[in-house]
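Take this structure first; my questions come after.
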Amino acid sequence: FPVEDIRNFSIIAHVDHGKSTLADRLLELTGTIDKTKNNKQVLDKLQVERERGITVKAQTASLFYNFEGKRYLLNLIDTPGHVDFSYEVSRSLSACQGVLLVVDANEGIQAQTVANFFLAFEAQLSVIPVINKIDLKNADPKRVEKQIEKVFDIPGDECIKISAKLGTNVESVLQAVIERIPPPKVYRKNPLRALVFDSTFDQYRGVIANIALFDGVVSKGDKIVSAHTKKTYEVNEVGILNPNEQSTHKLYAGQVGFLIAGMKDVTEAQIGDTLHLHNHPVEPLPGFKSAKPMVFAGVYPVDQSEYNTLKSAIGKLTLNDSSVTVHRDSSLALGAGWRLGFLGLLHMEVFNQRLEQEYNASVILTTPTVPYKAVLSSAKLIKARRAVQKNMIFIDQNRVMLKYLFPLNEIVVDFYDSLKSLSSGYASFDYEDAGYQAAELVKMDILLNGNFVEELVTIVHKEKAYSVGKNICERLKDSLPRQLFEIAIQAVIGSKVIARETVKAYRKNVLAKCYGGDITRKMKLLKRQTEGKKKLRKIGNIEVPKDAFIKVLKTQ
Ligand code: GTP
């Protein structure tokens, strides 16, 4: 394929505005998939994506399209729309020259429409505005066109109005891709320079890297080198994603596709890495900004004997989702595990679900926290900061864009849900990091009969300390079994007790149910009790079953 007949593009949109539906139609129109009723979100391959009806991972597909007597190769990179996954969007964009910006004809411009537009704008890509769902009763494409003019400074007549669901006018989207997006600027005569923009791990074939070729050619049998690890590999297979892998023996500059080269270890195909030919080193392409985790959670195997299995599952999954940060961690109650950093709560849930579904791992996830920087001075005396309004822009008579500065801790847990329910679903939300701010935070300890419980230390805002402390004490009370003596559960700040619960004394008589004198039955029960005790941990003289902390720490 001559470079001038190639277009690399992506679809960006606010969640649910119809990216995946439009992608399905484009795949059908180009004959990539058959036109059947069952083509729903073909590119959403992961089980979690289908169950939740959302796109998590960016997927790539190569489409062939005949236009004015010429055959074009259109590489479509589908991207996720949820706020937690904007990292995937910016990665996908680095392999594109243009984007389709899909906006719902009824809802109009929303928070991620704006955020995604600016990602494309900063990457200097051509933006084709597509107003979707014009078939809806309440559709108002004219109003959306005006919004696009006002907010993005794109002339209204550049908007393409379609119904992805019914297929109306979708053909003109393909034509606009050819006419308005430039072909990639690449040099096939130069030695190979390929960007790894995604990679997955296949149990049988090892690492499958998704690559975008900026220079040169790569063929089956070539010796290639990773600029990152300096390791050399022989290329076993290259090809395009159609949308499933299809070997082509060669890939040329301007194309995107997949490459398999016997990379066995998950750390060998780093996303953002540059591949070049052996003996032909090149200037590596600029990699990717590493994503900044916003929510942290402890992840532990349910059973310590599964530590190594879980370790390799996390390794493989983070290869596929490099925005997750991993640090080893351990806890008295939960044993050896990790502290993982996620871009948001949904991201955390999806990661957990993928661990379970794709790697059959069962994990304990502890309550997410956000990072704090402690300054040991009287600056904590500074008054607690609430949200501070920064900016207000009217998109049109009905919609306003507000910018606020929030403590991250206030928005990660349930802010999004509250906003949605307060506004009856009309408001949408996006965020970026504004750096650390001073706040009145306190360290809260949990004591069991005066003994410090290391794994339950929390950092909380002074105003929230009472309710958080009370909640932990109550949950702990419910999960601690009664013992021979009374147990005082206390939440303390410094030396001040802010919450307390008591577990009354009780002797668990395992023989109570044994009326009659069946001695073997008695022995069996007593043995079971000792076995049970092995699963206990001692804090002072208090026996704490392993799952008591799990119940307190686990996200509910
Ligand atoms: P994420 O993958 O979660 O980011 O969503 P998305 O933007 O890919 O949206 P998706 O294609 O899943 O569509 C969301 C919903 O809108 C689905 O229920 C679609 O059937 C519906 N939808 C998409 N296009 C149209 C359209 O042209 N008209 C109507 N009426 N509904 C549409």
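We did not get these values from a lab; they are worked out from the coordinates using the rules stated. Since this is a predicted model, take the numbers as computed values, not measurements. Glycine also receives a Cβ, built like all others from the backbone with ideal geometry; neighbour counts cover every protein chain displayed.
Taking other Cβ within 10 Å of each residue's Cβ, how do THR325, THR502 sort, fewest first? List each step's numbers first, then the result.
Details: THR325 17, THR502 12.
The most exposed by this proxy come first: THR502, THR325.
Which pairs break 18 Å Cα to Cα here: LYS477/LYS538; LYS70/LYS185; LYS223/LYS316?
Working: LYS477/LYS538 16 Å; LYS70/LYS185 20 Å; LYS223/LYS316 25 Å.
From the list (LYS477/LYS538; LYS70/LYS185; LYS223/LYS316), the Cα-Cα distance tops 18 Å for LYS70/LYS185; LYS223/LYS316.
Would you pull out the residues with amide H under 5 Å of GLY216's amide H, same chain only if 5 or more places away, H placed 1.01 Å from N?
Correct list: TYR187, ARG188, LYS189, ASN190, ARG193, ALA253.
Another question, if that's okay. For ALA361, what residues show an amide H to amide H distance below 5 Å, using hydrogens built from the backbone and excluding near sequence neighbours?
Here GLU356 satisfy the definition.
Now a separate question. Which ordering of THR60, THR168 is given by a fewest-first count of other beta-carbon atoms within 10 Å?
Lowest count first: THR168, THR60.
Another question, then. Could you work out how much longer the chain between GLU171 and ASN138 gets when fully extended? Use 0.36 nm per residue separation minus the Cα distance between them, nm to one decimal. Could the numbers behind the result be given before it?
Numbers: separation 33, 0.36 × 33 = 11.88 nm, distance 2.37 nm.
Result: 9.5 nm gained on full extension.
Still on this structure: Short version: ³J(HN,Hα) in whole Hz for each residue of the range 184-191, in order, from phi by Karplus 6.51 cos²θ - 1.76 cosθ + 1.60 (θ = phi - 60°), x for Gly and Pro, what are they?
x, 8, 9, 10, 6, 6, 6, x
If I take every Cα pair under 8 Å that is 6 or more residues apart in the range 91-195, average their sequence separation and divide by the length, what percent do I get for the relative contact order? Provide the component values of the computation, followed by the final result.
Values: 137 pairs, mean separation 29.2, N = 105.
Reported relative contact order: 28 percent.
Quick one: which of 352-360, 193-201 comes out on top by average Cβ neighbours within 10 Å, and what's the full order, highest first?
Details: 352-360: 16.1, 193-201: 23.9.
Output ranking for 352-360, 193-201: 193-201, 352-360.
Please state the equivalent ellipsoid semi-axes for the range 150-299: what are the square roots of 5 times the Cα gyration tensor eigenvalues, largest first, in whole Å?
Details: eigenvalues 207, 89, 60 Å².
Working from the Cα gyration tensor, I get semi-axes of 32, 21, 17 Å.
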